[in-house]
Amino acid sequence: MSKAVKLRKLHEIQYNDGFKQRIWFDNGYGISLVYHEFSYGLECALIHEDKEGIDQADKRFNEFCGGDSVKGYMNGNDLSDVLNLVKSFPKLKKSKV
């Protein structure tokens, strides 16, 4: 039996006659989902609470996206896979300054 995804918080806004939604996990990472008339179907990108914009440098996520930082034309299985992937990332340690 698969374990349900635990969401930290969920936001959805209207965006270009479609939607933009962010799904956050306890590890500080999240997924930004968009779907609108200008998107490549359902698109996702990796986000992190300590970074502004999308996280373009994460090799694990970029590998899932075929070498890119955004994955488009996602289906239900892709969405499930990316949610499980990001949920499995370890929490980033805060840097001491």
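Every number here is computed from the coordinates shown, using simple stated rules; none is lab data. Since this is a predicted model, take the numbers as computed values, not measurements. In this analysis, Cβ positions are derived from the backbone assuming ideal geometry, glycine residues included, and neighbour counts consider all displayed protein chains.
List the aspartates and glutamates whose Cα sits under 15 Å from the Cα of LYS59, skipping any in the same chain fewer than 8 residues away.
ASP68
Counting Lys and Arg as +1 and Asp and Glu as -1, what is the net charge of the other residues whose Cβ lies under 15 Å from the Cβ of MET74?
Charge balance in the 15 Å sphere: -2.
Among 30-38, 67-75, how do they line up by average Cβ neighbours within 10 Å per residue, starting with the highest?
My ranking of the peptides, most packed first, is 30-38, 67-75.
Report Rg (one decimal) and Dmax (nearest whole number) for region 10-87, counting Cα atoms only, units Å.
Rg and Dmax of region 10-87, Cα atoms, are 11.7, 32 Å.
Exposure proxy check: ASP58, ASP26 ranked by fewest other beta carbons within 10 Å?
Listed from fewest to most nearby Cβ atoms, that is ASP26, ASP58.
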